[in-house]
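The values are calculated or read from the model by the stated rules, or taken from the named source; none is laboratory data. Just so you know, these numbers come straight off a predicted model, no measurement behind them. FYI the Cβ positions are ideal-geometry reconstructions off the backbone, even for glycines, and counts take in every protein chain you see. Calculation scope for accessible area: heavy atoms of the full protein, side chains included, ligands and nucleic acids excluded. Shrake-Rupley method; radii C 1.70, N 1.55, O 1.52, S 1.80 Å.
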Amino acid sequence: MLQKLVGKLKPNPNEGSILIIKDSATIPDFSLLYSMFFNKAALYKSSHVILFEHTEEDFFKVNKGIIPYQVTVHECYHYQYMTKLQLQVKLQRIFCSFPAEEIIICFDSLNPWIQVASASSVIQTLCQLQNLPCSIEILAVIHTDLISESVNLQFSKIVGTTLCMDKKPSLDLDTSKLVCNGKSLKPSGKILFFIESFLVSTDFKLETKTCLSQSTTQISQQNEKNVASPPCIATFDISTKQEEILQKNLLVLPYTKMNESGSIIYEADYDDDLDYDDPDEDLEF
Amino acid sequence: MFEELNRLAGWSTEKLPDREVIFITDKGCNGTFLLHHFIALYLKAGQHVVLVTVEQSFAHYSVACGKLGANLTKSKTEGKLTHVDMMKAGLNEYLQESSPTDQLSKGFSNKTLEQLNDMIHDLVNSVPVDKKSIVIVDDLSLFLSLGFPIEDVITFYHKMKYITRTKPASFLTVLHLDGSAEDLPTLYPNFSYYGTCELKLEGLESGYSKDVHGTLEVIQKSMKNLRTVFERKVRQYKVTERTLHLFAPGTSKAVL
């Protein structure tokens, strides 16, 4: 599945795709990000890298001149010294410099941007980039243990594909490889789940091995709350039609009459021997 | 300084930590004795130390490092050591006094950490190009207890990281994991992610022992074949006034 993501077709204009790689302090990883970026960048006319956590020197040390095509590097390593407005202006200038054609953008980490600006501002900007009138793909890393669960959830709503590396590889796998739990949203609404181990070679080629078989979940657009309805799980039809519901509501049960106080009114028959004396009359309260 | 720790981590007076962000974490014990080691290591190597004291006074470090063979007062006079006294600023804040000398001593404000960062930046810039330096903040997590917002503390930490990448300097601080500050659990992942070396100290689960004071784990991060690799070395330790004894877990002389 990871190999398919690398070779995935370019998105349509105004329908840019976002791929997020989630890692943690115990399993930090940039190899998958760079592998996906360098393999995909060959398909795009314009490739950009925006660096928050690495310097330009680090970046070129990583690719060691292997990449034959031009990658534009934008360094924001000194983000700590910028105010929110200054960073926003700098990023806007970077985004405005993008040509109006096929673009792939790689953020080495979104956490510093979230730290200076805010999660909602970052999400808004990513959505704006997604809607640019050109084919655009965005790859980024998020460190999950540095953001709150609510921010994590906000990102998962706008992201098409999420690759998580925050779970430790199990012991029976080759420990030289990392394990990736992936979730990919297809245009049809299906969500594809997969677990694959991968290894990135020094020339950024990706070797993968499927750990678990893929499973899909169909999202019903009408029922986003995902509530299980009894008729679907029963072997026989217990659903009620509109006419049946109406008749049920009109039915008045016997011995039940509604009055203002809501009490039950009982009309005695001829044979009933009703005693109207107070049974507690002899008690002194 | 502690030779056994140097051997374990691959450091020496000829091979000092280079542009590293080192943080010491302790739980169930006190790891500040490792600060004395680094101060003595850098001074003995003839390099520069910027010591920011928040938890302990300069006199404390002077006495402790004196036992490791480093004269802090003399180094300060010679310009090899610069001391920034944040304890005094805290005291002035508490006593509502202001000193006419420097801005930091007037007490804490919302710009204190920025001013501290600027001061450290200038001090590191003033170090000769051929010299290495280390910036030691004896307890960064104490700023949380002093009322600084966690965002400011994290920003300060990131700025220190930036200094280590742009200058031949390393940064060292301590994080007490059993501290009372609410935001401590949020601070640790930041330290862990952006740090290059963690010295993790834990007290023995069975309690205090005269011969084994706890466990020391050295976690060094490096890049190999595009992957981030952690090199972990675990030892048990016994610390005295002048030495640190390290031994494999369960091999203390008291046990064997």
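What the Cβ-Cβ distance of A:Leu253 and A:Thr26 gives, at R0 = 60 Å and to the nearest 0.05, is a FRET efficiency of 0.45. Summing +1 for each Lys or Arg and -1 for each Asp or Glu, what net charge is found among the other residues whose Cβ lies under 13 Å from the Cβ of B:Val239? Neighbourhood net charge equals +1. Which is farthest toward the positive dipole end of region A:48-160 among A:Phe107, A:Ala117, A:Gln154, measuring Cα position about the Cα centre, with Cβ charges +1 (Lys, Arg) and -1 (Asp, Glu)? Final value for the positive-end residue is A:Ala117.
Using a 1.4 Å probe and counting only protein heavy atoms, arrange B:Tyr188, A:Tyr79, A:Tyr266 so the residue with the most accessible area comes first.
Numbers: B:Tyr188 60, A:Tyr79 0, A:Tyr266 135 Å².
These residues rank, largest area first, as A:Tyr266, B:Tyr188, A:Tyr79.
Each residue, B:Lys131 and A:Ile94, gets one label point 7 Å from its Cα in the Cβ direction; the gap between the two is 3.6 nm.
Per-residue extension of 0.36 nm, minus the Cα-Cα distance of A:Gln3 and A:Glu101, leaves a gain of 32.8 nm for this segment. Overall, chain B carries a charge dipole of about 1060 debye about its Cα centre when +1 sits on the Cβ of Lys and Arg and -1 on the Cβ of Asp and Glu, all other atoms neutral.
Amide H contacts of B:Val84: B:Leu51, B:Val52, B:Thr53, each under 5 Å away and 5 or more positions distant or on a separate chain (H built 1.01 Å from N in the peptide plane; Pro and chain starts excluded).
Note down the net charge around B:Val218, summing +1 for each Lys or Arg and -1 for each Asp or Glu among other residues with Cβ under 14 Å from its Cβ. After counting each charged neighbour, the total is -1.
For the residues B:Arg227, B:Arg235, a 1.4 Å probe over the protein chains yields an accessible-area ranking, largest first, of B:Arg235, B:Arg227.
In deg cm²/dmol and to the nearest 500, what is the mean residue ellipticity at 222 nm of chain B if only DSSP H runs of at least 4 residues count, each as -39500 (n - 2.57), divided by the residue total?
Helix-only estimate at 222 nm: -10500 deg cm²/dmol.
Summarising the label geometry, the points placed 7 Å from Cα in the beta-carbon direction at A:Gln86 and A:Glu15 lie 4.1 nm from one another. Along the positive direction of the dipole of region B:18-214 (beta-carbon charges: Lys, Arg +1; Asp, Glu -1; about the Cα centre), which of B:Asn71, B:Phe58, B:Thr32 reaches farthest? Value computed over the given set: B:Asn71.
In this structure the amide hydrogen of A:Val73, modeled in the peptide plane, comes within under 5 Å of the amide hydrogens of A:Val49, none closer than 5 places in sequence on its chain.
Can you check what the Kirkwood hydrodynamic radius comes to for region B:27-68, Cα pairs only, in Å to one decimal?
Working: mean 1/r = 0.0910 Å⁻¹.
11.0 Å is the Kirkwood radius here.
Find the relative contact order for region B:18-214 and round it to a whole percent, using C-alpha pairs within less than 8 Å whose residues are 6+ positions apart. This gives 36 percent for region B:18-214.
Largest GNM mean-square fluctuation among B:Phe191, B:Phe230, B:Phe23, using chain B with Cα springs under 10 Å: B:Phe230. Among B:Ser222, B:Ser12, B:Ser62, the largest mean-square fluctuation in a Gaussian network model of chain B, built with springs joining Cα atoms closer than 10 Å, belongs to B:Ser222. When the Cα positions of B:Ala169, B:Leu246, B:Leu81 are compared along the charge dipole of chain B, B:Leu246 comes out farthest toward the positive end, with charges on each C-beta of Lys, Arg, Asp and Glu.
The H on the amide N of B:Phe171, modeled in the peptide plane, is under 5 Å from the matching H of B:Glu20, B:Val21, B:Ile22, B:Val135, each at least 5 residues off or on a different chain.
Per residue of A:194-200, how many C-beta atoms from partner chains lie within 10 Å of its own C-beta, taken as a mean? Let's see the in-between values first.
Values: counts 0, 0, 0, 0, 0, 3, 3.
Partner-chain Cβ atoms within 10 Å, mean over residues of A:194-200: 1.
Shape verdict for region B:18-214, please, from the Cα gyration tensor: rounded (a/c under 1.5), prolate (a/b greater than b/c) or oblate.
The shape class here is rounded.
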